[in-house]
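Working notes, beginning with the structure itself.
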Amino acid sequence: MKVLQMVALAISISMSGFAVHADNSAPAAEKPEAVIKRVLEGSRPDVKVKTVAASEINGLYAVQIDDGPLVYATPDGKYFVVGDLFEVQGKGFVNLGEQKRNGDRVKELAAVKSGDMIIFKAAGPTKAVVNVFTDVDCGYCQKLHKEVPQLNAMGIEVRYLAYPRAGVGSEAYQKLVTAWCAKDRQGTLTRYKNHENIPISTCANNPVAAEYALGERIGVNGTPALVTTKGELIPGYMPAQELAQRLGVR
């Protein structure tokens, strides 16, 4: 789900006053996790609770809305807040919500087969890997692609996943499908990013739509979107040298 859609859902949820009309009485043996799920879904049938778990704050539970935001609810499900939870540490603030999203991204990307990516391998030993959700027509995707040889020379492997900004079925989608279906996938993707005119040639069972949906789930809302092996999402273009430093390669 895109960020704006997530915000809209969060606002909609917030304004609904969830449990105002819900029956939040619970059997004595019912656990808070079950109570929260029952009350929230009972108040808004269009909202589905994916997970409920105790948070770092006593008395608050972290509730992941399916295809929606992470919220923090009271044990009876009557009240909740929307937003990230931060921990104050000696050297600054740590965004615990983003840490969780990082972990989710790692799991999601681990499930993607390498054969469903277009991979530009490092020249020599691989020192780092970066996953890049890309479109072929966006200017900054083209700019980043021109720096892929430099990244490879520094020992960074670039793994491309498809993310047609205009959505499934669009012209950009058709171009990405053509690149992913090509015999020379690297060359076809490069030619598209160099503004060459290549006939559309699609194939069945290509991963473009699935990768677009994956990007939506993990918070991608534009291209290029870079995801590190730690699950950190870097939105937008980053110069090769700066990206190498971010990845710990010097």
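The values are calculated or read from the model by the stated rules, or taken from the named source; none is laboratory data. None of these values were measured; they are calculated from a predicted model. Note that we place each Cβ from the backbone using ideal geometry, even for glycine, and neighbour counts take in every protein chain shown.
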Practice item. Could you tell me which numbered condition Val106 fails, if it satisfies all but one of (1) in the same structural domain as Lys175 (by TED's automatic domain parsing); (2) not in a loop (DSSP other than H, G, I, E, B)? Key: (1)
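Here's the yes/no breakdown for (1) among the polar types (S, T, N, Q); (2) in contact with a strand residue (DSSP E or B) (Cβ under 9 Å, 6 or more places away or on another chain); (3) modelled with pLDDT of 95 or more:
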{"site": "Gly92", "(1), (2), (3)": "no, no, no"}
{"site": "Lys113", "(1), (2), (3)": "no, no, yes"}
{"site": "Ala122", "(1), (2), (3)": "no, yes, yes"}
{"site": "Gln142", "(1), (2), (3)": "yes, no, yes"}
{"site": "Pro164", "(1), (2), (3)": "no, no, yes"}
Exercise for review: Could you pull out the residue among Val82, Val132 that is touching a strand residue (DSSP E or B) at 6+ places or on another chain (Cβ under 7 Å), assigned by TED's automatic domain parsing to the domain that holds Val39 and either buried (at least 19 other Cβ atoms within 10 Å of the Cβ) or modelled with pLDDT under 95 (or both)?
Suggested key: Val82
Practice item. Can you tell me which residue among Tyr173, Tyr140, Tyr163 is under 16 Å from Met238 (Cβ atoms) and hydroxyl-bearing (Ser, Thr, Tyr)? Key: Tyr140
Check your understanding: Of the numbered conditions (1) touching a Lys or Arg at 6+ places or on another chain (Cβ under 9 Å); (2) assigned to a helix (DSSP H, G or I), Ile119 satisfies every one except a single condition; which is it?
Key -> (2)
Revision key, fill the gap. If we keep only residues of the range 51-63 that are surrounded by 16 or more Cβ atoms within 10 Å (Cβ to Cβ) and in contact with a Ser or Thr (Cβ under 9 Å, 6 or more places away or on another chain), then the residue nearest to Arg217 (Cα to Cα) is Val63
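Which of the residues that make up the range 160-198 are touching a residue at least 60 places away in the same chain (Cβ under 8 Å) and in a loop (DSSP other than H, G, I, E, B)? Don't jump to the end; show me each part of the working.
Initial filter on the range 160-198 (touching a residue at least 60 places away in the same chain (Cβ under 8 Å)): 163, 179-180, 185-186, 189.
Across the range 160-198, the qualifying residue is only Tyr163.
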Review point. If you go through the range 160-167 one residue at a time, do you hit one that is basic (Lys, Arg) and not assigned by TED's automatic domain parsing to the domain that holds Thr229?
Key: no
Revision key, fill the gap. Pairing a residue in the range 106-119 that is over 17 Å from Gly187 (Cβ atoms) with any residue that is modelled with pLDDT of 95 or more and assigned to a strand (DSSP E or B), where Cβ atoms lie under 6 Å and the two sit 6 or more apart in sequence or on different chains, gives Leu109/Asn131
Point to revise | Every residue from the range 199-250 that is part of a helix (DSSP H, G or I) and more than 20 Å from Glu147 (Cα to Cα) | key: Val208, Ala209, Ala210, Glu211, Tyr212, Ala213, Leu214, Gly215, Glu216, Arg217
Exercise for review: Can you tell me which residue within the range 145-200, out of those that are more than 19 Å from Glu216 (Cβ to Cβ) and hydroxyl-bearing (Ser, Thr, Tyr), is surrounded by the fewest Cβ atoms within 10 Å (Cβ to Cβ)?
Suggested key: Thr190
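Considering only residues of the range 137-165 that are within 20 Å of the chain's Cα centre (by Cα) and among the hydrophobic types (A, V, I, L, M, F, W, C), which is farthest from Gly124 (Cα to Cα)?
Within the range 137-165, the subset within 20 Å of the chain's Cα centre (by Cα) is 138, 140-141, 144, 157-165.
Then keep just the ones that are among the hydrophobic types (A, V, I, L, M, F, W, C); that gives 138, 141, 144, 158, 161-162.
On the way: Cys138: 30, Cys141: 25, Leu144: 21, Val158: 14, Leu161: 23, Ala162: 26 Å.
Selected residue: Cys138.
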Exercise for review: Look at Ala162 and say whether it is closer than 17 Å to Ala111 by Cα and of a type outside the set (Val, Ile, Thr).
Suggested key: yes
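When you go through Glu216, Glu211, Glu232, Glu242 one by one, which is the residue that is farther than 19 Å from Lys107 by Cα and among the acidic types (Asp, Glu)?
On the way: Glu216 fails: farther than 19 Å from Lys107 by Cα; Glu211 fails: farther than 19 Å from Lys107 by Cα; Glu232 fails: farther than 19 Å from Lys107 by Cα.
Checking each option against the conditions leaves just Glu242.
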Review point. From Asp76, Asp23, Asp67, which residue is within 23 Å of Gly219 (Cα to Cα), at pLDDT 50 or above and assigned to a loop (DSSP other than H, G, I, E, B)?
Key: Asp67
